[in-house]
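I have placed the structure first, in the form of C-alpha coordinates, so that the comments after it can refer back to it.
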Amino acid sequence: MGGTTWYLHGDNNALVFEKELNANGVTENRHYLQAAGMTFALVTTRSGAGVSSTASDLSKRSAPVRYFHQDHLNSIAVITDEAGQVVERLAYDPRGKRRNANGLADKNDRLVGQTTDRGYTEHEHLDEVGLIHMNGRVYDPLIGRFMSADPFIQSPGNLQSYNRYAYVMNNPLAMTDPSG
(Lines give C-alpha, C1' and ligand atoms only; values in the text may rest on other atoms or scores of the structure.)
Protein backbone atom coordinates (compact mmCIF):
# COMPACT_ATOMS: atom_id res chain seq x y z
CA MET A 1 0.00 0.00 0.00
CA GLY A 2 1.02 3.60 -0.38
CA GLY A 3 1.79 3.49 -4.10
CA THR A 4 0.02 4.00 -7.40
CA THR A 5 -0.69 1.38 -10.06
CA TRP A 6 -1.82 1.95 -13.66
CA TYR A 7 -3.25 -0.77 -15.93
CA LEU A 8 -3.61 -0.92 -19.71
CA HIS A 9 -5.88 -3.53 -21.26
CA GLY A 10 -6.00 -4.63 -24.88
CA ASP A 11 -8.34 -6.86 -26.85
CA ASN A 12 -10.89 -8.78 -24.76
CA ASN A 13 -9.76 -6.80 -21.68
CA ALA A 14 -6.47 -8.73 -21.56
CA LEU A 15 -3.86 -7.03 -19.37
CA VAL A 16 -1.02 -5.83 -21.63
CA PHE A 17 0.83 -3.32 -19.44
CA GLU A 18 1.06 -2.53 -15.75
CA LYS A 19 3.01 0.32 -14.14
CA GLU A 20 3.52 0.44 -10.39
CA LEU A 21 5.05 3.37 -8.51
CA ASN A 22 5.60 2.49 -4.86
CA ALA A 23 5.96 4.87 -1.91
CA ASN A 24 9.78 4.61 -2.09
CA GLY A 25 9.87 6.02 -5.63
CA VAL A 26 10.66 2.69 -7.30
CA THR A 27 8.85 2.20 -10.62
CA GLU A 28 8.10 -1.27 -11.97
CA ASN A 29 6.81 -1.70 -15.53
CA ARG A 30 5.36 -5.07 -16.58
CA HIS A 31 4.73 -5.79 -20.28
CA TYR A 32 2.60 -8.90 -20.95
CA LEU A 33 3.27 -10.40 -24.39
CA GLN A 34 0.32 -12.21 -25.89
CA ALA A 35 -0.65 -14.22 -28.94
CA ALA A 36 -3.73 -16.28 -29.75
CA GLY A 37 -5.40 -15.15 -26.53
CA MET A 38 -2.63 -16.48 -24.27
CA THR A 39 -0.02 -14.59 -22.28
CA PHE A 40 3.30 -16.23 -23.09
CA ALA A 41 5.91 -13.84 -21.70
CA LEU A 42 6.35 -11.12 -19.13
CA VAL A 43 9.04 -8.43 -19.34
CA THR A 44 9.62 -6.53 -16.10
CA THR A 45 11.72 -3.38 -15.76
CA ARG A 46 12.45 -1.75 -12.40
CA SER A 47 13.94 1.69 -11.86
CA GLY A 48 14.53 3.93 -8.88
CA ALA A 49 17.52 2.50 -7.02
CA GLY A 50 19.27 1.37 -10.21
CA VAL A 51 17.66 -0.19 -13.26
CA SER A 52 17.03 -3.89 -13.70
CA SER A 53 15.14 -5.88 -16.28
CA THR A 54 13.93 -9.48 -16.37
CA ALA A 55 12.06 -11.59 -18.89
CA SER A 56 9.95 -14.60 -17.98
CA ASP A 57 8.78 -17.35 -20.34
CA LEU A 58 5.25 -18.07 -19.14
CA SER A 59 4.49 -20.63 -21.86
CA LYS A 60 6.51 -23.40 -20.22
CA ARG A 61 5.20 -23.06 -16.70
CA SER A 62 4.08 -26.36 -15.26
CA ALA A 63 1.67 -25.16 -12.62
CA PRO A 64 -0.18 -27.77 -10.57
CA VAL A 65 -3.78 -28.48 -11.54
CA ARG A 66 -6.30 -26.63 -9.39
CA TYR A 67 -10.11 -26.77 -9.41
CA PHE A 68 -12.21 -23.76 -8.40
CA HIS A 69 -15.50 -24.37 -6.59
CA GLN A 70 -17.89 -21.45 -6.66
CA ASP A 71 -20.85 -20.21 -4.66
CA HIS A 72 -24.17 -18.89 -6.02
CA LEU A 73 -22.49 -15.62 -7.14
CA ASN A 74 -19.67 -17.46 -8.97
CA SER A 75 -17.26 -16.29 -6.26
CA ILE A 76 -14.42 -18.75 -5.71
CA ALA A 77 -15.11 -20.37 -2.33
CA VAL A 78 -12.86 -23.45 -2.33
CA ILE A 79 -9.82 -24.47 -4.37
CA THR A 80 -8.86 -28.16 -4.56
CA ASP A 81 -6.02 -30.12 -6.12
CA GLU A 82 -6.18 -33.13 -8.48
CA ALA A 83 -6.89 -35.47 -5.57
CA GLY A 84 -9.81 -33.36 -4.33
CA GLN A 85 -7.89 -32.09 -1.30
CA VAL A 86 -8.69 -28.54 -0.23
CA VAL A 87 -5.79 -26.21 -1.06
CA GLU A 88 -7.44 -22.94 -0.08
CA ARG A 89 -10.74 -21.63 1.27
CA LEU A 90 -11.91 -18.12 0.41
CA ALA A 91 -14.63 -15.93 1.89
CA TYR A 92 -16.01 -12.45 1.19
CA ASP A 93 -18.31 -9.99 2.89
CA PRO A 94 -21.56 -9.06 1.07
CA ARG A 95 -19.76 -6.34 -0.93
CA GLY A 96 -16.80 -8.53 -1.98
CA LYS A 97 -14.10 -7.61 0.54
CA ARG A 98 -11.94 -10.62 1.40
CA ARG A 99 -12.65 -12.28 4.76
CA ASN A 100 -10.87 -14.97 6.69
CA ALA A 101 -11.97 -18.47 5.66
CA ASN A 102 -13.92 -18.77 8.93
CA GLY A 103 -16.03 -15.76 7.89
CA LEU A 104 -14.48 -13.25 10.31
CA ALA A 105 -13.49 -9.84 8.99
CA ASP A 106 -9.88 -9.12 8.03
CA LYS A 107 -9.25 -6.17 10.34
CA ASN A 108 -5.70 -5.60 9.05
CA ASP A 109 -6.55 -5.68 5.31
CA ARG A 110 -3.77 -8.19 4.66
CA LEU A 111 -5.65 -11.09 3.09
CA VAL A 112 -4.53 -12.09 -0.39
CA GLY A 113 -5.36 -15.08 -2.52
CA GLN A 114 -2.63 -17.70 -2.26
CA THR A 115 -3.55 -19.69 -5.38
CA THR A 116 -5.17 -17.09 -7.65
CA ASP A 117 -5.89 -13.38 -7.82
CA ARG A 118 -9.51 -14.20 -8.75
CA GLY A 119 -12.20 -14.24 -6.09
CA TYR A 120 -15.45 -12.33 -5.60
CA THR A 121 -17.76 -13.07 -8.55
CA GLU A 122 -14.62 -14.56 -10.15
CA HIS A 123 -13.17 -11.10 -10.81
CA GLU A 124 -9.53 -10.08 -10.39
CA HIS A 125 -8.62 -8.80 -6.92
CA LEU A 126 -6.02 -6.03 -6.89
CA ASP A 127 -4.95 -6.92 -3.36
CA GLU A 128 -2.12 -4.40 -3.20
CA VAL A 129 -4.64 -1.55 -3.47
CA GLY A 130 -7.75 -3.24 -2.02
CA LEU A 131 -9.84 -3.01 -5.19
CA ILE A 132 -11.50 -5.47 -7.59
CA HIS A 133 -11.07 -5.19 -11.36
CA MET A 134 -14.45 -6.13 -12.81
CA ASN A 135 -13.42 -5.93 -16.48
CA GLY A 136 -15.23 -2.74 -17.50
CA ARG A 137 -14.67 -0.80 -14.27
CA VAL A 138 -12.79 -0.96 -10.98
CA TYR A 139 -14.82 -1.63 -7.82
CA ASP A 140 -14.10 -0.70 -4.19
CA PRO A 141 -15.51 -3.45 -1.92
CA LEU A 142 -14.98 -1.33 1.20
CA ILE A 143 -17.65 1.18 0.14
CA GLY A 144 -19.53 -1.09 -2.29
CA ARG A 145 -19.19 1.34 -5.20
CA PHE A 146 -17.44 1.54 -8.55
CA MET A 147 -14.67 4.09 -9.03
CA SER A 148 -16.30 5.38 -12.24
CA ALA A 149 -19.89 5.80 -13.40
CA ASP A 150 -21.68 3.16 -15.45
CA PRO A 151 -22.10 4.52 -18.98
CA PHE A 152 -25.53 2.84 -19.23
CA ILE A 153 -28.73 3.05 -17.21
CA GLN A 154 -29.75 -0.61 -17.23
CA SER A 155 -33.33 -0.43 -15.98
CA PRO A 156 -34.84 3.06 -16.39
CA GLY A 157 -37.93 1.94 -14.45
CA ASN A 158 -35.85 1.08 -11.37
CA LEU A 159 -34.64 4.10 -9.38
CA GLN A 160 -31.56 2.14 -8.23
CA SER A 161 -30.31 2.25 -11.84
CA TYR A 162 -29.80 5.99 -11.60
CA ASN A 163 -27.01 5.57 -9.04
CA ARG A 164 -24.43 4.79 -11.72
CA TYR A 165 -21.66 4.07 -9.17
CA ALA A 166 -23.72 1.41 -7.35
CA TYR A 167 -22.95 -2.28 -7.76
CA VAL A 168 -25.88 -4.39 -9.07
CA MET A 169 -28.52 -1.88 -8.02
CA ASN A 170 -27.39 -2.24 -4.37
CA ASN A 171 -28.35 -5.93 -4.25
CA PRO A 172 -24.96 -7.76 -4.13
CA LEU A 173 -26.27 -10.97 -2.54
CA ALA A 174 -28.69 -11.70 -5.38
CA MET A 175 -27.05 -10.34 -8.55
CA THR A 176 -23.67 -10.01 -10.26
CA ASP A 177 -22.20 -7.70 -12.89
CA PRO A 178 -19.83 -9.82 -15.04
CA SER A 179 -18.66 -6.90 -17.18
CA GLY A 180 -18.44 -4.15 -14.56
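Every residue, every condition in (1) farther than 23 Å from Pro178 by Cα; (2) of a type outside the set (Gly, Ala, Ser); (3) touching a Phe, Trp or Tyr at 6+ places or on another chain (Cβ under 9 Å), yes or no:
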| residue | (1), (2), (3) |
| --- | --- |
| Glu88 | yes, yes, no |
| Ala91 | no, no, no |
| Arg95 | no, yes, yes |
| Gly103 | yes, no, no |
| Val112 | no, yes, no |
| His123 | no, yes, yes |
| Pro141 | no, yes, yes |
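Residue-by-condition table, conditions (1) in contact with a Pro (Cβ under 6 Å, 6 or more places away or on another chain); (2) farther than 24 Å from Arg164 by Cα; (3) loosely packed, with under 14 Cβ neighbours inside 10 Å:
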position	(1), (2), (3)
Leu90	no, yes, no
Asp93	no, no, no
Asp109	no, yes, yes
Thr116	no, yes, no
His123	no, no, no
Gly136	no, no, no
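How many residues does the range 134-177 hold that are in contact with a Leu (Cβ under 6 Å, 6 or more places away or on another chain) and modelled with pLDDT of 95 or more? So the count comes out to 2.
So that you can scan it fast, the table gives a plain yes or no per residue for (1) in contact (Cβ under 8 Å) with a residue 60 or more places away in the chain; (2) assigned to a loop (DSSP other than H, G, I, E, B); (3) of a type in the set (Phe, Trp, Tyr):
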| site | (1), (2), (3) |
| --- | --- |
| Glu88 | no, no, no |
| Pro94 | yes, yes, no |
| Lys107 | no, yes, no |
| Leu111 | no, yes, no |
| Thr116 | no, yes, no |
| Glu128 | yes, yes, no |
| Tyr139 | no, no, yes |
| Asp150 | no, yes, no |
| Leu173 | yes, yes, no |
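The values are calculated or read from the model by the stated rules, or taken from the named source; none is laboratory data. Note that this is a predicted model, so its numbers are computed, not measured. Please note: Cβ atoms are built from the backbone with ideal geometry, for glycine as well, and neighbour counts cover all protein chains shown.
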